[in-house]
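Read-outs throughout are calculated quantities, based only on the coordinates presented, and are distinct from any laboratory measurement. What you see is a predicted model, and the numbers here were worked out from it, not measured in a lab. Positions of Cβ are backbone-derived with ideal geometry, glycine not excepted, and every protein chain shown enters the neighbour counts.
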Amino acid sequence: MRLLGAVLAGGKSSRFGSDKALARHQGVALIDHVINALAREAGAVVVVGRDYPNMTGIPDWPNPGLGPLGGLCAALRHAAATGYNHVLTAGCDLPNLPPDLARSLSPAPAYALGQPTIGLWPTTLASALGDHILAGNRSVHGWAEACYAHAIDLGKLANINTAADLAALR
């Protein structure tokens, strides 16, 4: 499997109150925790939905503001165009991803139960996801159902949506 890691980082962090991707956990930005976890498994890692220093950044597709599906679609399209056949995704607010994430989510398509931004997706779904988005669909769960992805229980994973979530993790 030729695997691209993709950090979904295009959100507005409205519940957090500031840019949560840059909030620090154990002295490291949340986004860097995710980049490092995906880099251990993937041939390359991109950041979707924003620019980030020393990383390849790609814009959401077909445009910003579509939530995680716009980021996933962009990652699938980029991966297919650059020779990857699968994308391993995670939101920028998930600092404690388990090891062997891709293996745990195999076979694709699959996503983490309760955390649908964590997923393993074949690039062959890029066109279908683009059509799904252009038809007005925005739900990750709706997409997972439409492409027959299966939910995998990875246990409780920290998802930092508020400053209180980050404080509780500490």
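Miscellaneous remarks
- Lys/Arg +1, Asp/Glu -1 at C-beta; the chain dipole; positive extreme among PRO68, GLY142, GLY130: PRO68
- Shape category assigned to the stretch 1-86 from the gyration tensor of Cα positions, a/c cut at 1.5: oblate
- Packing order of peptides 37-47, 95-105, 126-136, highest average first: 37-47, 95-105, 126-136 (average count of other Cβ atoms within 10 Å over each peptide's residues).
- When only alpha carbons are used to place a centre, the stretch 58-78 and the stretch 11-49 end up 16 Å from one another.
- Sparse-neighbourhood loop sites, chymotrypsin sites (Phe, Trp or Tyr not before Pro) in the stretch 95-170 - DSSP loop, at most 10 other Cβ within 10 angstrom: TYR148
- Beta bridges by DSSP in the stretch 3-169, antiparallel share as percent, to the nearest 5: 35 percent
- Each peptide in 4-12, 25-33 receives the mean, over its residues, of other Cβ atoms within 10 Å, and ordering these scores from highest gives 4-12, 25-33.
- Dipole magnitude for the stretch 3-169: about 160 debye, using +1 per Lys or Arg Cβ and -1 per Asp or Glu Cβ, origin at the Cα centre.
- Take the Cα of HIS141, step 7 Å toward its Cβ, do the same at SER104, and the gap between the two points is 2.1 nm.
- At R0 = 30 Å, FRET efficiency that the Cβ-Cβ distance of ASN159 and ALA81 yields, to 0.05: 0.50
- Put simply, the Cα atoms of the chain extend 39, 31, 30 Å along their principal axes, the longest span coming first.
- Charge sum, other residues only, whose C-beta stays under 12 Å from TYR84's C-beta, Lys/Arg counted +1 and Asp/Glu -1: +2
- Here the stretch 1-43 is scanned for amide nitrogen atoms under 14 Å from the site 7 Å beyond the Cα of ASP51 along Cα-to-Cβ, giving none.
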